[in-house]
Amino acid sequence: MTATDISPLAIENLQLNAGLNNQTMQVIESDLFTKIPPQTFDIIIIPPPYFPKKPSSVAEYAWYCGEDFEYFRNLFNQIDKFIHTGTRILMILSDDCDIQTISAISSENGFIMNKILSKKVFWEWNFIFEINFVLT
């Protein structure tokens with residue numbers, strides 16, 4: 001298992017939680033896939049930042065994906081190098097975000113987003129999308 005985050009504090013918490021739960025995992029401080037060694041994954045789970053604003057601190061990277069959705073542009077530009085034909089990619093999004101723009105960015109990079117679960121949590125809807133690479 002490999003876990004990544006751009007935040008040093010999140011990395012510290014990932015390592016602490018792995019230890020507390022007697023789990024072995026590789027924890028890498030990385031902006032998306034930039035520091036991950038070449039490999040493919042069977043499952044990739046993405047809880048992305050999705051509000052369109054430029055982050056002004058490391059903490060804001062948890063919420064803001066850049067004014068032009070740079071997080072998603074980078075994600076869909078990089079992820080194909082880390083998947084194989086059987087990889088399952090899951091991403092959680094909220095009805096508070098611009099799902100249409102995110103889906104368009106995925107399509108521009110050869111991916112399709114399929115909603116597989118919807119659940120209302122308090123006042124907002126959350127959705128899990130399965131992302132598939134479309135061979136052309």
request  = Residues being hydroxyl-bearing (Ser, Thr, Tyr) and in contact with a Gly (Cβ under 9 Å, 6 or more places away or on another chain): count how many of those fall in the range 104-136.
outcome  = 1
task = Could you pull out every one of the strands (runs of 3 or more DSSP E) wholly within the range 72-136 that has 3 or more residues that are touching a Lys or Arg at 6+ places or on another chain (Cβ under 9 Å)?
result = 124-133
ask   = Condition test on ILE6, is it at pLDDT 95 or above and either out of contact with any strand residue (DSSP E or B) (no Cβ under 7 Å at 6 or more places or on another chain) or not aromatic (Phe, Trp, Tyr) (or both)?
value = no
query = Can you name the residue in the range 74-94 that is under 18 Å from LYS53 (Cβ atoms) and of a type outside the set (S, T, N, Q) and is also surrounded by the fewest Cβ atoms within 10 Å (Cβ to Cβ) among such residues?
reply = LEU93
task = Please tell me if ASP42 is touching a residue at least 12 places away in the same chain (Cβ under 8 Å), acidic (Asp, Glu) and surrounded by 11 or more Cβ atoms within 10 Å (Cβ to Cβ).
result = no
ask   = For the range 1-36, how many residues meet the condition of being among the polar types (S, T, N, Q) and more than 18 Å from PRO49 (Cβ to Cβ)?
value = 8
Scope the range 111-130; condition at pLDDT 95 or above and of a type outside the set (A, V, I, L, M, F, W, C); matching residues = ASN114, LYS115, SER118, LYS119, LYS120, ASN126, GLU130
message = Name the single residue that is surrounded by the most Cβ atoms within 10 Å (Cβ to Cβ) among those in the range 95-136 being in contact (Cβ under 8 Å) with a residue 40 or more places away in the chain and among the acidic types (Asp, Glu).
response = ASP98
key: Index of the failed condition, ASP68 passing every other in (1) in contact with a strand residue (DSSP E or B) (Cβ under 8 Å, 6 or more places away or on another chain); (2) under 16 Å from SER106 (Cβ atoms)   = (1)
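The values are calculated or read from the model by the stated rules, or taken from the named source; none is laboratory data. All values derive from a computational prediction rather than experimental measurement. Counting neighbours? That spans all protein chains shown, and the Cβs are built from the backbone with ideal geometry, glycine included.
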